[in-house]
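Take a look at the structure set out below.
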Amino acid sequence: MSLQIDEAVLKGVVADVLRKLQAQASGSPVAESKKEDCGCSCDGACSRGELGVFQNATDAAAAAKEAQKKLRKLGIEGRDKVVKIVKATCAEKAVEWGELEFAETKIGRLEHKIAKLQGIPNLPGVEWLAPRGMSGDHGITMEENTPFGVIGAITPVTHSIPTLSCNIVSMVAAGNTVVFNAHPGGAKCAVAAVREYNKRFKAELGIENIATIIEKPTLDSFNELCASPDVNLLCVTGGPGVVNAAMKSGKRAICAGPGNPPVVVDDSADLDKAATDIIFGAAFDNNLLCIGEKQIFVVDKVYDQFIGALKKAGAFQLNAEQLDRLTKVAFTFKGDGGGCSHPVVNRDLVGADATKLAQIAGTSAPAGTLMLFAETNEDHLFVIEEQMMPMVPVIRARDIDHAIEMAVKSEHGYKHSGMIHTLNVVNMGKMARALDTTLFVKNGACVAGLGTGGEGYSSFSIATTTGEGITTPDTFTRRRRCVLVDSLQMY
Ligand code: NAD
């Protein structure tokens with residue numbers, strides 16, 4: 001008689017036993033194995049999750065590994081079906097899921113949460129994967145894109161379902177399956193999306209767990225994911241803390257890290273268009289976008305005119321006293337224990353409406369105001385910190401070189417994004433070289449860099465820190481060279 005044991009089940013049982021032993025040793029109560037969470041017919045005896053939702057990283061990764069084996073058998077056609085399901089579901093559920101995410105995270109703007117989901121159908125899919133062929137006297141060589149296996153993905157609170165959906169499209173198009181450790185502040189909506197996707201994957205392809213998620217993500221579950229032998233690659237979308245943690249994990253990590261994008265306006269620019277574009281980009285989702293315009297450097301010659309253009313386009317100006325009041329609430333200082341302290345952005349104000357920020361500043365902006373601005377110097381906290389609020393500082397520069405110099409300093413070498421408004425091609429080139437960012441937009445809003453108002457495709461994971469750029473299915477493949485020597489030549 002042969003005994004067939006499902007690898008995922010076995011790993012789940014082992015993980016469960018280990019957890020219980022650890023809990024007994026530490027004297028803490030054992031989290032009961034999830035009888036009520038388990039969707040299969042085991043009556044709680046196994047550690048399987050239901051529709052991709054798991055209680056720990058080990059089980060989630062093991063299940064994704066099993067799913068990847070099954071996905072491989074369905075070939076590129078199977079991956080394409082997954083991509084189409086995700087795109088169609090985002091289009092269908094954009095409003096419902098936008099509302100769900102907005103209700104949970106309470107940051108940004110509902111209409112933009114919806115718009116982000118409506119953009120998912122435009123992402124590249126399996127068609128993006130182009131093998132490279134070579135043929136010559138010594139035979140035929142093909143360089144193929146092959147999957148990594150299981151990817152551990154960390155998603156931000158700023159775009160929870162959009163990043164998760166975008167990651168599934170790119171990663172599964174490339175033949176991988178994925179385990180998510182979402183931001184705790186946006187985990188409930190992410191879990192709901194994973195459940196819905198798995199329901200549809202199961203119905204159409206007969207495979208569950210193509211995307212899995214840890215229901216209650218913690219730093220421990222992140223560490224467990226990093227340590228799991230079933231996870232072949234990490235993809236991190238977030239701030240400096242998680243990027244550093246992933247890079248130290250010992251696993252290869254694709255890191256879509258923080259930004260603090262500057263925008264420069266010179267004396268040749270169309271000032272009205274520059275003002276309108278900047279408000280559009282910086283106010284999008286209340287400046288939660290990592291590519292969003294965060295500080296504006298304007299050359300002296302047109303500075304006053306530009307301030308006028310911002311007001312004309314609907315931005316509301318804070319005076320020095322009001323800015324001071326807001327700054328005191330927007331940032332706190334955290335000690336490092338060694339007598340130094342560094343500023344920390346107040347998360348309660350991240351992604352808040354401009355009118356709420358104005359109230360905190362002690363004034364009142366007209367209803368519907370999308371963006372506040374204030375005149376500051378280059379060292380102001382609103383300039384140097386990635387503050388993710390629709391309050392954008394404006395800094396006077398002596399000339400273009402001074403503007404670019406301050407812009408570079410404010411970007412902190414993240415190599416993320418930058419914008420310039422100019423009709424002078426020399427200035428465009430100067431800033432592009434000095435800033436050296438992954439995304440550089442000329443004469444448009446930041447979102448033009450992701451295909452809204454500019455050419456090109458979008459992604460919610462822009463691998464700035466590790467240099468892969470705007471992620472596509474290609475990003476999540478390994479290159480394999482297949483060589484056939486001499487025989488089968490056609491000439
Ligand atoms: P965050 O860094 O607070 O959280 C991101 C993710 O990392 C979350 O899942 C969180 O739980 C986890 N995390 C945070 N610190 C961790 C640590 N020390 N160890 C393990 N996990 C940790 O960021 P956020 O507020 O959710 O998102 C905003 C940040 O993400 C900004 O810095 C923004 O620029 C960046 N971002 C970058 C991109 C990009 O494509 N480059 C896209 C979106 C957001």
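The values are calculated or read from the model by the stated rules, or taken from the named source; none is laboratory data. If you're wondering where the values come from, they're calculated on a predicted model, not measured in any experiment. Please note: Cβ atoms are built from the backbone with ideal geometry, for glycine as well, and neighbour counts cover all protein chains shown. Protein only, heavy atoms only, side chains kept; ligands, DNA and RNA dropped before computing areas. Shrake-Rupley method; radii C 1.70, N 1.55, O 1.52, S 1.80 Å.
Summary table
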{"quantity": "Residues of the range 208-220 that turn out to be open to solvent by 10 Å² or more (accessible area, probe 1.4 Å) and in contact (Cβ under 8 Å) with a residue 40 or more places away in the chain, as a count", "calculated": "4"}
{"quantity": "Hits in the range 294-308 (condition: of a type in the set (S, T, N, Q) and surrounded by fewer than 18 Cβ atoms within 10 Å (Cβ to Cβ))", "calculated": "Gln305"}
{"quantity": "Residue in the range 37-52 that is surrounded by fewer than 18 Cβ atoms within 10 Å (Cβ to Cβ) and modelled with pLDDT of 95 or more present", "calculated": "no"}
{"quantity": "Close pairs (6 angstrom Cβ cut-off, 6 or more residues apart or separate chains): free of Cβ contacts under 8 Å to residues at least 60 places away in the same chain and open to solvent by 30 Å² or more (accessible area, probe 1.4 Å) in the range 222-246, part of a loop (DSSP other than H, G, I, E, B) and within 7 Å of the ligand (Cβ to nearest atom) anywhere", "calculated": "Pro240/Pro258"}
{"quantity": "Among residues of the range 193-211, those that are closer than 28 Å to Pro240 by Cα and touching a helix residue (DSSP H, G or I) at 6+ places or on another chain (Cβ under 6 Å), counted", "calculated": "2"}
{"quantity": "Qualifying residue in the range 273-283 (condition: closer than 20 Å to Ile384 by Cα, buried (at least 24 other Cβ atoms within 10 Å of the Cβ), out of contact with any Cys (no Cβ under 7 Å at 6 or more places or on another chain) and not β-branched (Val, Ile, Thr))", "calculated": "yes"}
{"quantity": "Criterion: in contact with a Gly (Cβ under 6 Å, 6 or more places away or on another chain) and part of a helix (DSSP H, G or I) - qualifying residue of Ile85, Ile114, Ile107", "calculated": "Ile114"}
{"quantity": "Qualifying residue in the range 199-207 (condition: at pLDDT 95 or above, closer than 18 Å to Val157 by Cβ and of a type in the set (Gly, Ala, Ser))", "calculated": "no"}
{"quantity": "Of residues in the range 426-447 being free of Cβ contacts under 8 Å to residues at least 24 places away in the same chain and of a type in the set (Gly, Ala, Ser), the one farthest from His412 (Cα to Cα)", "calculated": "Gly429"}
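Conditions (1) touching a strand residue (DSSP E or B) at 6+ places or on another chain (Cβ under 7 Å); (2) surrounded by fewer than 17 Cβ atoms within 10 Å (Cβ to Cβ), marked per residue:
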position: Asp399; (1), (2): yes, yes
position: Met431; (1), (2): yes, no
position: Ala434; (1), (2): no, yes
position: Ala445; (1), (2): no, no
position: Ile462; (1), (2): yes, no
position: Thr471; (1), (2): yes, no
position: Arg481; (1), (2): yes, yes
